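Take a look at the structure below.
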Amino acid sequence: MVKLFNVYYPKRTLQLLVVESTLIILALFGSVLVHFRSEPLAIFRSEIGLFKIALVAGVCLFFLYYNNLYSPGVVRNPRKIFARFMQGLGIAAVVLALAYYVIPGLQLYRGFAVTGISLATVLLISNRALFSAASRSAEPKKNVIILGEGAMARLLAKVIQERTELGLNLVGYLGSEWRSDTATETPARLGGLHDLPAIARETDVSRVIVAMGDQRGKLPVDDLLALKTSGVTVQDAAEFYEIATGKLPVGAVRLSWLIFSPGFQVSGMTLFYKRMISLILAFFGLLLLSPVILLIALAIRLDSPGPIIFRQRRIGYRGQPFTLFKFRTMHTNADGGGYARPAEHNDVRITRVGRWLRRFRLDEIPQLYNILIGHMHFVGPRPFVSEQEFDCAAQIPLYSYRWSVRPGATGWAQVQRGYCASIEDNIDKLSYDLFYIKNMSVGLDLLIIFKTIKIVLTAQGGR
C-alpha cells in the first residue's frame, strides 16, 4: 500500500495509473511524429505544443478516472474494462471537440486528438488485457495470520477475502473457536496462541495481524517480537483496517489505540488553509452560480407553493446548533410530525423540481452561504438535524467526536458511501468521519473535493 494525501492505495492500482498515463502520452507523441514527418522535433521544442499535448492527456485521464477505471472492482473485472474505456475516451473526444470549436487555438493540428485518442485506445485496452492475465496467473505472495477471534478479527477476514488487490492470502487464525458469520467465509483455525511460532514456520507467514480484544496477560509478546526481528510484519488490527479500508472500525476498536495512535492533531496552519480554501470556493461558487441560482429559485416558485430557501437546525462544531440553508425540494410541511425523516427512494414528499435538484446536488448550493459566515468548512463531517444527531449520539459509541471539527458541505463519508437511512448506515458513516478527523489535511480535503465533483457530474447517490 502507498500513502497519498493521508489515504492508502494498492500499489498495483497506482502502477496501473502510471503505466496508462505513460501510454496516453506516448500515443499522443506518436500522433505528432506521424503528422510532422519532416520536422517532428519542432513541436517538442515549443512550450505551447507541449501544453496542448498535456491538455489532451489530462482530459483523457480525467474521464478514465471518472468512469471508475481505477476503482478496485473494475480493476478486478476485465469484462467491464472495454466498455468503460470506450465510454471514457469517447466522452474525452467529445469534450475536446467542443473545446476546439470554442477555442480553435487549443488544437495542435486538425485531427490531432482523434488520432492520438485512437492510438491510446488500442494501447490501453491491450495493456489491460495483459494486466488482467498477469493478475490471474499471479498467486498471492504474502501469507497472513490473524491473532484473535472476536469482532475485529471477523472484520479483518472479510476485508482480506474481498480485497484481492491487496495481494494477501489469509492462511487462518489463532485463538479459540470462531463464531460463524454468514457474511464472511470462516478461515481455518490453525491452533491456539501458543502455536504461533510453529504455525509461522509451517506457513511461511509474512504478516501477523493482532486482533485480540483484551490483550492483558494473553498476548504472546516474546513470540511476536521474535517474528518481528526475523522479518515478519506484526501489525495492529485497527491500523491494518484503517489502511486497507479508509475508515476506522467503530465498535471494534480499542480506545487505547485511538489515544496512542498518530493523528487527531491538526495544526493551526492546516485550519487556516482549510478556512481560506473554503472561503475562496464559497465566494467564487456563489458568484459563478448566480445565474443558476436565479433559475432554480424561479423553478421552485413555479413548481409548488412555499419558500424557495429551506432552513433547518443542524448540529455543528462542539455540538452547537446552527441554521443550514438549502433550496426547498419537498412540499411545505412534508414532515407533519415535526421530526425530519431521511429521504427515501421515490419519496412522495419531494417535488418535481426537487427530484432534479437532489439528483445533481443543486439543492446544496445555498450552503455556500453557511461556509462564508463560518458555520461550516467546505470539507468536513456532514451535519445532521438535531433529533437525528442526538439519537445517533445516544446509540453509537464515539459519535459525538464528529463535533470536534467544523462540519462540511461534503466529506470523506459522502464520497466513499451512499445515503444514510438507518443506524447501521450511520455507524459505517461514522467510521469514515473518524478516519477523516484522524487524518485531516489540506491534501485530503482537495482529494475529497475532486471526488465530490465526480459524484455531482455523474449524479451518483442522490435521493
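The values are calculated or read from the model by the stated rules, or taken from the named source; none is laboratory data. Values in this document were obtained by computation on a predicted structure and should not be read as measured data. Here Cβ is always computed from backbone atoms with ideal geometry, including for glycine, and neighbour counts include all displayed protein chains.
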For Lys247, all conditions in the list (1) over 27 Å from Val442 (Cα atoms); (2) of a type in the set (Lys, Arg); (3) surrounded by 15 or more Cβ atoms within 10 Å (Cβ to Cβ) hold save one; what is the number of the exception? (1)
Can you name the residue in the stretch 359-405 that is surrounded by fewer than 20 Cβ atoms within 10 Å (Cβ to Cβ) and among the aromatic types (Phe, Trp, Tyr) and is also nearest to Phe325 (Cα to Cα) among such residues? Tyr369
For the stretch 253-268, indicate whether the set of residues that are crowded, with 18+ Cβ neighbours inside 10 Å, outside the structural domain of His375 (by TED's automatic domain parsing), within 24 Å of the chain's Cα centre (by Cα) and touching a residue at least 60 places away in the same chain (Cβ under 8 Å) is non-empty. yes
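Name the one entry in Phe283, Phe322 that is within 30 Å of Gly443 (Cα to Cα), outside any helix (DSSP H, G or I) and in the same structural domain as Trp403 (by TED's automatic domain parsing).
Sole residue among the options that is within 30 Å of Gly443 (Cα to Cα), outside any helix (DSSP H, G or I) and in the same structural domain as Trp403 (by TED's automatic domain parsing): Phe322.
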Scanning the stretch 314-324 for residues that are closer than 22 Å to Ile350 by Cβ and either loosely packed, with under 14 Cβ neighbours inside 10 Å or of a type in the set (Asp, Glu) (or both) gives Thr323
Tell me which of these Val348 doesn't satisfy, since it passes every other one: (1) hydrophobic (A, V, I, L, M, F, W, C); (2) crowded, with 18+ Cβ neighbours inside 10 Å; (3) in a loop (DSSP other than H, G, I, E, B). (2)
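For Arg402, indicate whether it is part of a loop (DSSP other than H, G, I, E, B) and touching a helix residue (DSSP H, G or I) at 6+ places or on another chain (Cβ under 7 Å).
Details: part of a loop (DSSP other than H, G, I, E, B): no; touching a helix residue (DSSP H, G or I) at 6+ places or on another chain (Cβ under 7 Å): yes.
No, not satisfied.
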